Every structure is written in C-alpha cells, then in structure tokens.
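Structure record follows, encoded as structure tokens.
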Amino acid sequence: MAGVAAVGQTFPTKPVRIITPFPVGSGPEGVARMVADKLSRQWGQPVTVENRPGGNGFIAIDAFKRGAADGHDLIQLDNVHLTAYPHMFKKLPYDIKNDFDPLLPLFKTYFFATTAADSKYKNIADLVADAKVNPGKLNYGSWSVGNPVHLGSALFETVTGTQMQHVIFKETSQLYTSVAQGDLAFALGTSATAGSLYRAGKIKFLAVAAPRRIPAYPDVPTFTEAGGPAGFEVSGWTTIAAPKNLPRALADKITQDIAKALAEPDVKEKFLSFGYESFPQTREQFAQYIQAESVRQAAVILKAKAALD
C-alpha cells in the first residue's frame, strides 16, 4: 500500500476526464457523473464527464485513445465493448489487450421486456405465441447493432424459435417512447432507461430477464415465470478503464478511489432507484469474469447469427 500512498500525493496533478459512450441522461452516464463528483471531492481536482455517444462506442474509444496516457483520461465502457464486439466485428478500431485496463465494474443490471401499457400481451408466453403465428411481422428495437438489447433480443428469437424485425433508434428515449406508442411489439430495457415511462403508466414490464425477481420490482416475474424460456438472462454492466501500462500503484489508487465512491450511501440509494446492483470484484476477479463473459458472448453471437463483416 506504500506505493499507492505515494502515488496519492502526486495524482492527479490536473483535471481528470471520464469519456463515456452513453448519452446525457442515460442510466450508465448518470453513474459516471456520480463517480466523477465523488472523485472530484477526493482528489481536489475537477473530474468531468465527456459524452461521446454514437458509432457503437467507437467515437468515445477513439477520443480516449488520443487522450492522455497517464491516467488523467479514463473511459467508461459497456460490457459489449470488451466481451461481444471482438466476436462480432472482423476488424475493430481498438485492441482490448493493448488499449484498455478495465479497473472495476461499476454496476450490473438486468433487462425487462417492455411493451405498451395497453398492449395485448399479458406475459412472455403471449408474445412468443403471437410471434410464431406472425413470423417476421413483429418488431423489437435497440439503439445499435451488438448492444445488450439487440443481442438479448436476437437470442430470445433463437431460443423461442421465432423471427422478428430489429429496428434501430438513434437514442434510447426515442426507443422507449416508440414502445409506449405501440410502434414496437416489445423492447428490452433496464429500470434506468425505461423505468420513468413504466412509473408513468405508459409502458408495462412483462418480465425481467434475470435468475430471480428484482427487489425494486417484486411484482414483475422472471421470463421463466412469465411463460418464457427457462433460465433466460440478459444483463449488462459498465466499467471504468484506464490506459494500458499505467504504473500498478496508480491503477490501484484509481481503482480504490472509485470503489470508495461506489460504496457511499447516496450512490447505493441511486443504484436501488435505477434497479442496478453493486458488483464488487478485485481487479484479478474482474479480469477472469471478463474472459468468462467473452466466451459466453461468443456462443450467444454464434447462436443468434449476429456476427458482422
């Protein structure tokens, strides 16, 4: 710990930037801003969040790669950037092993099947039955190719033996507004992205793709309970990553300080309102988890035939 303490006296020496691929107002971006605020207080230096949405996150990643390599520029990454895209794209504009050092996960969240409040579907079984009667006619939405919502929906098609159309939206707000208007049969969404419309009574949650019910939504059944495929799970997580090859003591310091921020009561309270779960892991455990998730995502992509040129 002596090395971490020594680094703590010299870092940061200037403002720190957290680049995020998520748009303003999204749940993951909100967590990044909470962490940034806590780190600003800990470090005595401004910590800002810079939104670079779009392009499957490649815009944000490019900005990060061109940024400071000394730890003053960090990046928030989605799980798909580290575990799915390497199996989807033949060529990526980044190298996982050489460009990033994922420090720790910020949270884990599970996805709900959302549909319009006045939808004829009462459960997952109804949705599957309709999709089988009308192959290729039902649609679902997401904000890009290869995000957790798209891959989860494609896997849902595969395991239920159905065929639906994927509609891409520019922003998550547009996506779930379309669900509320009945323009989409369904869309997977988290409490953070779809919760406000759910609470306003404009959409309903048919089920949650989780191994158990979510404490914040105890009345929402799992997919299995709602007549869907057994054990069906769609989850997401984000991480803060540093540039590769930072001194170990510096990487450890940043990791410890972010963990301290995540442990504060108001952050935990916000997680509960978002339907997020804390996901504490050591850097070694997290590296092993990422590798295991990469193997799992490779199987999902192969099964769902979601690979791209």
**Report entry** Residues of segment 192-201 satisfying the condition of being buried (at least 24 other Cβ atoms within 10 Å of the Cβ) and either over 13 Å from the mean Cα position of the chain (by Cα) or modelled with pLDDT of 90 or more (or both)
**Finding:** Ala194
Requested in this report: Only residues that are over 19 Å from Arg296 (Cβ atoms), touching a Lys or Arg at 6+ places or on another chain (Cβ under 7 Å) and in a helix (DSSP H, G or I): list them for segment 151-194, please.
Outcome: Ala180
Requested in this report: Return the residue satisfying two criteria in turn: it lies in segment 63-80 and is part of a helix (DSSP H, G or I) and in contact with a Phe, Trp or Tyr (Cβ under 8 Å, 6 or more places away or on another chain), and of such residues it is surrounded by the fewest Cβ atoms within 10 Å (Cβ to Cβ).
Outcome: Lys65
Report summary line: Filtering segment 9-32 for residues that are surrounded by fewer than 17 Cβ atoms within 10 Å (Cβ to Cβ) and either hydrophobic (A, V, I, L, M, F, W, C) or modelled with pLDDT of 95 or more (or both) leaves a count of 4
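Every residue, every condition in (1) touching a Pro at 6+ places or on another chain (Cβ under 9 Å); (2) open to solvent by less than 20 Å² (accessible area, probe 1.4 Å); (3) part of a helix (DSSP H, G or I), yes or no:
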position	(1), (2), (3)
Lys91	no, no, no
Leu103	no, yes, no
Phe107	yes, yes, no
Lys120	no, no, no
Asp126	no, no, yes
Lys132	no, no, yes
Tyr140	no, yes, no
Gly146	no, yes, no
**Report entry** Pair list, Cβ under 6 Å, 6 or more apart: segment 120-131 residue within 16 Å of Val179 (Cβ to Cβ) and in contact (Cβ under 8 Å) with a residue 60 or more places away in the chain, other residue open to solvent by 40 Å² or more (accessible area, probe 1.4 Å) and among the hydroxyl-bearing types (Ser, Thr, Tyr)
**Finding:** none
Report summary line: Picked from segment 267-304 (must be touching a residue at least 12 places away in the same chain (Cβ under 8 Å) and of a type in the set (D, E, K, R)), the residue least open to solvent (accessible area, probe 1.4 Å) is Glu293
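The values are calculated or read from the model by the stated rules, or taken from the named source; none is laboratory data. In this text the structure is predicted, and so the values were computed from the model without any measurement. Every residue, glycine among them, receives a Cβ derived from its backbone with ideal geometry; neighbour counts consider all protein chains shown. Heads up: the accessible areas ignore ligands, DNA and RNA and are worked out on the full protein's heavy atoms, side chains in. Shrake-Rupley method; radii C 1.70, N 1.55, O 1.52, S 1.80 Å.
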